[in-house]
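Reading through the C-alpha cells given below for one structure.
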Number of protein chains: 2
Amino acid sequence: MRLRRLQAGLLIAMGLLALPAIADTPKATPTAKELIAKSKSEEWRTPDPENLLYMQLPQGRVVIELAPDFTPLHAANIRTLVREHYFDGLAIIRVQDNFVTQWGDPNDDDNGDKSKIKPLGSAKPKLPPEYTRAIDAKLPWTPLPDGDVYAPQVGFTEGFPAARDPASGREWLVHCYGMVGVARDVAPDSGSGSSLYVAIGQAPRQIDRNLAIAGRVIEGMPYLSGLPRGTGPLGFYTQAAQRVPILSMKVAADLPAAQREKLQVLRTDSATFSAIIEAKRNRHDAFYALPAGKIDLCNIDVPVRTESAADSKH
Amino acid sequence: MRLRRLQAGLLIAMGLLALPAIADTPKATPTAKELIAKSKSEEWRTPDPENLLYMQLPQGRVVIELAPDFTPLHAANIRTLVREHYFDGLAIIRVQDNFVTQWGDPNDDDNGDKSKIKPLGSAKPKLPPEYTRAIDAKLPWTPLPDGDVYAPQVGFTEGFPAARDPASGREWLVHCYGMVGVARDVAPDSGSGSSLYVAIGQAPRQIDRNLAIAGRVIEGMPYLSGLPRGTGPLGFYTQAAQRVPILSMKVAADLPAAQREKLQVLRTDSATFSAIIEAKRNRHDAFYALPAGKIDLCNIDVPVRTESAADSKH
C-alpha cells in the first residue's frame, strides 16, 4: 500500500488531487485540475497559428509559441528559416544538465564540416538584440506580488513569464523552464534564430536581459528535457549518433487546419489562472503541514489543453 | 564559425570561460573554473564515507551525500535499508517532467504485485518527520544576502542549500536541483526512506518544510535527470521495461578505500565559494550586457571535484 499512499501524498503535493475535507482541517484547497474543470471557455485562447512552430522529432512533436510582441525581428527571421526548411534535417546538438537543450546545424561547430554548413537562405544572419523592450501599457500585464530575487517586478503577459523595471521603463521575458532562447555569439547582434535553446533545469535567470527569448514550448517539453546529457564541453554531443534529428519544423499556419494541434492556453489575465496561482501559493490540505505562502514566477505553469479536453495537460 | 562563437558566448554565459580583458571593458570577472584552480586544499572537504551512498545504475554510478545533521533518523534508516540490500534490484519507477525522479519498489504500487513487496527488514516503516530543525549555532551557516521568495533567510550549511526563520527558530534544507527527499504518505510520519526522489527541474520550493530532505546528489545527476519521462499519472512508468533497475546501493564506508570515489566538495564557508557566488551574481565580461546583480539560492552549484583533479566537475 505504501506507494499508493505515496501517490496520494504526491498527488496532493502537486496540487493534482484534493482530499475530502476532514474534521480537523478546513476544506482542502481546490486543485489546478478542479479549477480548470470549472473554467470558462473565454478564459482560454487559441494561439495564432502564425506564432506556432511544430518541431517534429522521432519521439514526437514539440510545439513552440513565438512571442512577437517581445522579439518581433527574431520571430520573423525564425519563420523565414522554418518556411525555407532550414531546420529540416538539422539536430539537437547539445543537452547540458540543469541548463539547456540546444538545436541547430551540427556542421557549424569546431568539429563540424564547414563545407557542409547549411546556408541561412533569405533569413538574416544577424539581428538587433531584442533582450528587453519599452514597457507597453497596451500589453496585458498580470503582476505576481510575491516578489522576485532578480527583477523589481514580475508577472505574466500573453501567456509568458515576464519582468519589468519601472526605473528603466523596460520589460522582458524571463528564462523559466520551457522558455526558448536565441543562441548568440559575444556580439549582441550575432543571434539569428538559426540555433535555439530551451531551459531544462533551474531557471537560469542570470542570463535574463542578455539573450533574446523567442517564445515558449507549450507542448512536448519531455522530448527536449528527457534526453541523455551530452558528455562534451557544455553538454555538446560528441558523436553524430547521439544527436536527435529534427525531421521537420513547420509553421502551424502553413498546415491545413485539420492537421494543426488543437491547443489552447489559459489566459494569464484570467480569474482561473489567478486562482490556480493562489491554490499553489497557499495550499491547505491534509498533506501540507505548512503552505508555502509565496510562489516564485518560475514555479507557475501556464496550463495548456486541447480544445476538446476538459482538463489541463499540466 | 557560428557555433564556435556560440560556444564562446555560452561558455561565458555559464561562467566557464573568461574573455581576455579588452579596451572598452574592465577585466573580465574570473570564472568558477579559474577560482577553483586557485583554491586552497583546505577549502575542500572529503565527505564522511558513512554519509555517502553509491547507487549503481546500468548507465553509471550516482553518489548521494546524506545530511544527518538535518535528518538523522532518516539517514540512519536509509543506511540500514542500504546495508540490508533493500534497494538492490529495485528500480527508478517515476520521472515526472520538471519535478522529480523517484525510485523504490515497483511492486508497492496500485498496479504492483502486493505479494512481491520487498520487506523493509530491520529498518523502521515510519519515522518522525524531520522537515525542519531548531537553528543550531554550532552548525556552519553562510548566509546568502540576495533575498528569497520563500524564506526569511537562505544560505548554505555543510554543503547544502538551506533556509532559516528566526521568528520560529527553525532551519531546513530546501528542494534545490539535485536535493534528495523522502517520499511519504499523507501522514507526516509515514516516510521511511524506502522510496526516495530527487528534484530534476525548477526547484519545487513549495514543498519545503513538508517533506524530509535526506541529502544531495553530488555525482551522477545526469543519470537521474536525463531519463525519458513517465507517461502515467505523475510521471510513473506504466511498463516494467521502462523502469531503470538499481543494480546495487552501498554505503561508501562499507567499501575498501581503494574502491571509493575520491570526491571532494568545496566548503560552503570558504572564500573560494563566496567568490564563485559573486562571480555568478555580478558577471562582467564582453558577453554580458547586464550582470544579474543578484543570485537565487538554487542557481548556485556547490562544486565537486575528484581529489586528484585540479578543476571542478561543475
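For the reader, a short list of remarks on this structure follows.
- Checking every residue in segment A:280-295 against the condition of being closer than 24 Å to A:Lys38 by Cα, of a type in the set (S, T, N, Q) and more than 20 Å from the chain's Cα centre (by Cα) gives at least one match.
- Complete set of residues in segment A:1-28 that are at pLDDT 50 or above and within 12 Å of chain B (Cβ to nearest Cβ): A:Ala28
- For segment A:195-233, a residue qualifies if it is in a strand (DSSP E or B) and hydrophobic (A, V, I, L, M, F, W, C), and the qualifying residues are A:Leu196, A:Val198, A:Ala199, A:Ile213, A:Ala214, A:Val217, A:Ile218.
- Scanning segment A:255-288 for residues that are small (Gly, Ala, Ser) and assigned to a loop (DSSP other than H, G, I, E, B), we see that the one that is least open to solvent (accessible area, probe 1.4 Å) is A:Ser270.
- Yes/no for A:Arg79 being more than 14 Å from every other protein chain (Cβ to nearest Cβ), in contact (Cβ under 8 Å) with a residue 24 or more places away in the chain and buried (at least 17 other Cβ atoms within 10 Å of the Cβ): yes
- Subset tally (residues that are buried (at least 16 other Cβ atoms within 10 Å of the Cβ) and either of a type in the set (Val, Ile, Thr) or in a helix (DSSP H, G or I) (or both)) for segment A:245-254: 3
- Residue in segment A:176-194 that is over 15 Å from A:Thr71 (Cβ atoms), open to solvent by less than 30 Å² (accessible area, probe 1.4 Å) and not in a loop (DSSP other than H, G, I, E, B) present: no
- Residues within segment B:106-129 that are of a type in the set (Asp, Glu), surrounded by 16 or more Cβ atoms within 10 Å (Cβ to Cβ) and out of contact with any Leu (no Cβ under 6 Å at 6 or more places or on another chain), tallied: 0
- Hits in segment A:209-226 (condition: open to solvent by 10 Å² or more (accessible area, probe 1.4 Å), at the interface with chain B (Cβ under 7 Å from one of its Cβ atoms) and in contact (Cβ under 8 Å) with a residue 60 or more places away in the chain): A:Arg209, A:Met221
- Some residue of segment B:305-313 being assigned to a loop (DSSP other than H, G, I, E, B), farther than 22 Å from B:Ala37 by Cβ, free of Cβ contacts under 8 Å to residues at least 60 places away in the same chain and open to solvent by 10 Å² or more (accessible area, probe 1.4 Å): no
- Enumeration of residues in segment B:234-244 that are surrounded by 15 or more Cβ atoms within 10 Å (Cβ to Cβ) and either in a loop (DSSP other than H, G, I, E, B) or at negative phi (or both): B:Phe236, B:Tyr237, B:Gln242, B:Arg243, B:Val244
- Pair list, Cβ < 9 Å and 6+ apart or interchain, from segment B:111-127 residues that are closer than 16 Å to B:Gly89 by Cα and in contact (Cβ under 8 Å) with a residue 12 or more places away in the chain to residues that are of a type in the set (Val, Ile, Thr) and outside any loop (DSSP other than H, G, I, E, B): B:Leu120/B:Thr80; B:Gly121/B:Thr80
- Subset of segment A:145-160 [open to solvent by less than 10 Å² (accessible area, probe 1.4 Å) and either away from chain B (no Cβ under 11 Å) or modelled with pLDDT under 95 (or both)]: A:Gly155, A:Phe156, A:Thr157, A:Gly159, A:Phe160
- Condition check for B:Val302: touching a strand residue (DSSP E or B) at 6+ places or on another chain (Cβ under 7 Å), closer than 30 Å to A:Leu290 by Cα, within 14 Å of chain A (Cβ to nearest Cβ) and among the aliphatic types (A, V, I, L, M): yes
- Filter result (within 30 Å of A:Tyr86 (Cα to Cα), more than 22 Å from the chain's Cα centre (by Cα) and charged (D, E, K, R)) within segment A:119-161: A:Lys124, A:Lys126
- Any hit, segment A:179-191, residues being over 24 Å from A:His85 (Cα atoms), touching a strand residue (DSSP E or B) at 6+ places or on another chain (Cβ under 8 Å) and within 10 Å of chain B (Cβ to nearest Cβ): no
- Restricting segment B:162-172 to residues that are open to solvent by 10 Å² or more (accessible area, probe 1.4 Å) and away from chain A (no Cβ under 11 Å), the residue that is farthest from the chain's Cα centre (by Cα) is B:Ala167.
The values are calculated or read from the model by the stated rules, or taken from the named source; none is laboratory data. Keep in mind the model is a prediction, meaning the values are calculated, not measured. In this analysis, Cβ positions are derived from the backbone assuming ideal geometry, glycine residues included, and neighbour counts consider all displayed protein chains. Remember, those area values only see protein heavy atoms, side chains included, never the ligands or the DNA or RNA. Shrake-Rupley method; radii C 1.70, N 1.55, O 1.52, S 1.80 Å.
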